[in-house]
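Presented below is the structure to which this report refers.
The values are calculated or read from the model by the stated rules, or taken from the named source; none is laboratory data. Note that this is a predicted model, so its numbers are computed, not measured. Heads up, the Cβs are rebuilt from the backbone with ideal geometry, glycines too, and the neighbour counts pull from every protein chain shown.
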Amino acid sequence: MARNDEIIAVLEDLLRMEDVQACLLTGRQTGTITPKSTKLKNLVLWKLIMDSSHKLFPVIEDFYVYGLKRLYFELGEYEVIMSFIDEFTALIAVIPSLANRGLVEVEIESSKRAIKEIIGRQK
Amino acid sequence: MKDLKVCVATSRQWKGMEVAAELWSKIKKESPDPKFILLFATIDYKDEFKEILHRLASEFSNAQLVGGSVAGFINQDGCFTRGVTALAVDYPNMDVAVGVGRNTKRNPEKAGSECARQIKEGLKSSKLKNSFLFSFISGLEIPKMPGAGSSVIKSGIMTKLVKGGMGVSQFLMQKSVGREEDVLDQITKELPDFGMIHGSTIDNVKVGKNYQFCGKEVLTNAAVCLGIRTNMNFDSGFGNGAKPDTKFNITEISKNNQIVSRINGQPAPREFSRLLKKPEDLLFDEKRFIKIFPYFPCGMYQGDRLLLRAFGLVMSDSMLTMSRMHKGDIFTVSITGKNMIECVKETLSPMKKPEFGFATECAIRLMTLGSYIDKVRDNMKAFFKEKPFLVIYVSGEALKKPNHEYFYMNESFAVTTFRR
């Protein structure tokens, strides 16, 4: 299986969790990788997240050396979790703002480790 | 203990058939002829439960299989809030029996009694001296009532309707508080010489519906117990990392000891927010309460042990706890994330070197710690080394030593380790 296909499979698994509305991988080296679908009804918002997340990387790189692991921001009824695989790559998940974030985070962490392993194998 | 073969297996496949095949192959390799299998799955697999149970129970027809739905689990493989796990034990010096009690929310005493009777009957010819019980009982299920979708009900009329409706829904639909303690009262009364670890089954903490497993059967509103007699020894302990702060008094509480109406003689919600020094409207915000209630449990003493109780529902004049409280001295408590993790190490450290371990931990701790739950796993791994262990995330946990009364807890970590 090609690297991107393996990553897509991990993202598809994450998306099957009830509270995960959308997810993607974004990074300087990987580009943006998304599953085949999204549960997010607001497609304009989804496109905005896909198109603009990478713009945060110059700031992320500054903070990464100080141990930046995750960024959270609330967007209306949604919460966006950016979880960093390295200073150039982030796994992004969109969940309802009232979801049980703790439970989702455990699976985000598992997905992040799986993706890290896939990327590591390719290097 | 060469003849003891324990396997804790994990599957992250999606299809029931594939899950069962993966678990089967791991168990067959490490614990080929198990006496019992404890099986737990997250609610994502609810449409696959039957298939998984049917296949595993058929393949391991000599083994007793019990378990249920959980919010997540930890083992040597990792931390998961989606997946299926099994603990299988193959050991010749062990007799096992299963007890099932039904309609736990309608008639918990009868369910407990029925469970205990089956365990007694199943183990009556056993000559082995140490008795232990694994208990899994259906936990809290919140009924959907029109106009009461939140964990905070501010309207007085709606409060009356919900309080009245709880009894009705409890009896007719078996939706409401779990009544696990009423079941356990009966079980422990009839099996006093058994040690015990208990977990209340739950879904993904949406508290809609949870399931229990027994053999090939998928049950709801049931108690399933696995009783064992063995020559193995066991150690038990629990912790929560909480420290008591301000003392207060519950001055009015419902007959079932779960609806607190008055604290220090004042309406409970108002007085509780005053004690916590938090504005009432902020603490009991209709939208946010479901996310913040785990941070404000209270504590009560049983002997010298502080047991936590969380308020899961706030009404205009009263508050519903997830398990029984008593009138008298109660404390607000403080818990740091660090202490939540440290208490696992503290609980395990006095215990002797184990062969394997099983723990039940409150799903609220999982909600609160999130991905930092892997620190709990680090502590488990540091203690168990390469030995197998399984932690399941549940809505209530209990622990009992033989010939002692049991402790029922929320927001805690309870563990039993088995050794020669």
Restricted to segment A:13-58, and to residues that are free of Cβ contacts under 8 Å to residues at least 12 places away in the same chain and either touching a helix residue (DSSP H, G or I) at 6+ places or on another chain (Cβ under 8 Å) or within 14 Å of another protein chain (Cβ to nearest Cβ) (or both), which residue is surrounded by the fewest Cβ atoms within 10 Å (Cβ to Cβ)?
A:R16
Kindly indicate the residue of segment B:187-219 that is of a type in the set (V, I, T) and part of a strand (DSSP E or B) and also surrounded by the most Cβ atoms within 10 Å (Cβ to Cβ) among those meeting that condition.
B:T201
Test: B:E22 is in contact (Cβ under 8 Å) with a residue 24 or more places away in the chain, in the same structural domain as B:T81 (by TED's automatic domain parsing) and charged (D, E, K, R)
no
For segment B:367-392, give me the residue count where each residue is in contact with a Cys (Cβ under 7 Å, 6 or more places away or on another chain) and buried (at least 23 other Cβ atoms within 10 Å of the Cβ).
1
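For segment B:8-126, give me every one of the helices (runs of 4 or more DSSP H) that falls completely inside it and has 1 or more residues that are closer than 26 Å to B:G195 by Cα and not aliphatic (A, V, I, L, M).
Details: elements: B:16-30, B:49-59, B:108-123.
In segment B:8-126, the matching helices (runs of 4 or more DSSP H) lie at B:108-123.
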Consider B:K327 carefully, then state whether it is touching a residue at least 12 places away in the same chain (Cβ under 8 Å), within 14 Å of another protein chain (Cβ to nearest Cβ), surrounded by fewer than 23 Cβ atoms within 10 Å (Cβ to Cβ) and out of contact with any Phe, Trp or Tyr (no Cβ under 8 Å at 6 or more places or on another chain).
no
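Could you check how many residues of segment B:65-93 are among the charged types (D, E, K, R) and in contact with a helix residue (DSSP H, G or I) (Cβ under 6 Å, 6 or more places away or on another chain)? Before you say what the answer is, go through the steps one by one.
In the first step, residues of segment B:65-93 are kept if they are among the charged types (D, E, K, R); the result is B:77, B:82, B:90.
Filter once more, so that each one left must be in contact with a helix residue (DSSP H, G or I) (Cβ under 6 Å, 6 or more places away or on another chain): B:82.
The qualifying residues number 1.
For B:M367, state whether it is in contact (Cβ under 8 Å) with a residue 24 or more places away in the chain, under 30 Å from B:A268 (Cβ atoms) and part of a loop (DSSP other than H, G, I, E, B). It would help to see each step written out before you state the result.
Working: in contact (Cβ under 8 Å) with a residue 24 or more places away in the chain: yes; under 30 Å from B:A268 (Cβ atoms): yes; part of a loop (DSSP other than H, G, I, E, B): no.
For B:M367, the condition - in contact (Cβ under 8 Å) with a residue 24 or more places away in the chain, under 30 Å from B:A268 (Cβ atoms) and part of a loop (DSSP other than H, G, I, E, B) - is not met.
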Here are the criteria: (1) of a type in the set (F, W, Y); (2) within 14 Å of chain A (Cβ to nearest Cβ); (3) over 28 Å from B:I263 (Cα atoms). Tell me which single one B:F293 does not satisfy.
(3)
Subset of segment B:254-310 (residues that are over 21 Å from the mean Cα position of the chain (by Cα) and polar (S, T, N, Q)):
B:S254, B:S261, B:N264, B:Q266, B:S273
Just for segment B:286-313: of the residues that are touching a strand residue (DSSP E or B) at 6+ places or on another chain (Cβ under 7 Å) and over 27 Å from B:L399 (Cα atoms), which one is surrounded by the most Cβ atoms within 10 Å (Cβ to Cβ)?
B:F289
